[in-house]
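*Asks:* Before we start, here is the structure in question, set down as structure tokens.
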Amino acid sequence: MLDTVLRFFQDGGPFMYPIAVVLAVGLAITLERFFYLASVRRRNRMAFEKGILPLLQKRDYQRAMKAASSSDSAIASIMGAGIGRLLNNSRREDIEYAMEEGLMEVLPRLEKRTQYLATLANIATLLGLLGTIIGLISAFTAVAAADPSQKASLLSESISVAMNTTAFGLMSAIPLLMFHALLQTRTNEIVDSFEMAGVKLLNIISDSKTTGAVA
């Protein structure tokens with residue numbers, strides 16, 4: 001199996017190497033983003049569900065603010081912005097705007113380098129096509145000067161070798177596109193958790209005001 005892969009790679013020509021570099025860079029970005037998003041998701045859950053949310057439910061906003069300030073998680077930064085406005089007796093709209101601003105600061109870090117995967121997939125595909133075209137040009141040039149009895153076999157062999165570049169380009173591009181879509185989905189899930197946490201804060205504020213009005 002390994003011999004077949006090595007032969008396939010060697011027969012593809014010089015364009016196989018830049019495609020391999022593009023694939024390696026894309027896989028490195030994918031691994032880094034997977035570990036980063038998993039870390040963000042874990043730290044957010046710990047900071048909010050076990051730290052900030054119980055204090056908010058107790059209406060202990062001062063301690064909730066301290067918990068948000070002491071955490072380095074993304075959700076703590078967003079919730080801290082909202083709780084800070086709450087402690088200053090700001091309007092509900094101001095609290096919501098503060099959390100939206102915090103989300104806008106956090107979002108670029110979540111999406112960092114993910115978009116490169118789609119670009120690298122396109123580059124791999126285009127490099128494969130370019131390698132095939134250049135290979136075909138070289139093949140037809142060689143066939144033109146070859147012996148007539150060898151033209152058919154030489155042409156078919158050259159075309160087969162040239163097509164390896166396109167195949168490898170597609171083999172590199174398809175996984176990168178899949179990883180891009182998966183990372184985008186995970187990023188969106190984290191953003192949704194931020195928005196849900198903001199809604200919980202606003203609902204707690206509304207409930208406390210309603211309870212105070214009834215009392």
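The values are calculated or read from the model by the stated rules, or taken from the named source; none is laboratory data. All values reported here derive from a predicted model rather than from experimental measurement. Please note: Cβ atoms are built from the backbone with ideal geometry, for glycine as well, and neighbour counts cover all protein chains shown. These accessible areas exclude ligands, DNA and RNA; they are computed on the full protein's heavy atoms, side chains included. Shrake-Rupley method; radii C 1.70, N 1.55, O 1.52, S 1.80 Å.
*Asks:* Take the residues of segment 2-26 that are touching a residue at least 60 places away in the same chain (Cβ under 8 Å) and open to solvent by 60 Å² or more (accessible area, probe 1.4 Å): which is farthest from Leu117 (Cα to Cα)?
*Replies:* Looking at residues that are touching a residue at least 60 places away in the same chain (Cβ under 8 Å) and open to solvent by 60 Å² or more (accessible area, probe 1.4 Å), I get Asp11.
*Asks:* Let me ask something additional. In segment 79-137, how many residues are of a type in the set (Asp, Glu) and within 22 Å of the chain's Cα centre (by Cα)?
*Replies:* 4
*Asks:* Also: Would a scan of segment 72-87 turn up a residue that is open to solvent by 50 Å² or more (accessible area, probe 1.4 Å), free of Cβ contacts under 8 Å to residues at least 40 places away in the same chain and under 22 Å from Arg45 (Cα atoms)?
*Replies:* yes
*Asks:* While we're here: Of all residues in segment 186-198 being out of contact with any Asp or Glu (no Cβ under 8 Å at 6 or more places or on another chain) and open to solvent by less than 70 Å² (accessible area, probe 1.4 Å), which is nearest to Glu32 (Cα to Cα)?
*Replies:* It comes out as Ile190.
*Asks:* Since Leu31 meets every condition but one in (1) over 30 Å from Ile134 (Cβ atoms); (2) touching a helix residue (DSSP H, G or I) at 6+ places or on another chain (Cβ under 9 Å); (3) modelled with pLDDT of 90 or more; (4) open to solvent by 90 Å² or more (accessible area, probe 1.4 Å), which condition does it not meet?
*Replies:* Exception for Leu31: condition (2).
*Asks:* From the list Leu126, Leu120, which one is at negative phi, open to solvent by 70 Å² or more (accessible area, probe 1.4 Å) and modelled with pLDDT of 90 or more?
*Replies:* After applying the criteria, what remains is Leu126.
*Asks:* Follow-up. Residues that are farther than 22 Å from Asn188 by Cβ and hydrophobic (A, V, I, L, M, F, W, C): does segment 30-51 have at least one?
*Replies:* For segment 30-51, residues farther than 22 Å from Asn188 by Cβ and hydrophobic (A, V, I, L, M, F, W, C): absent.
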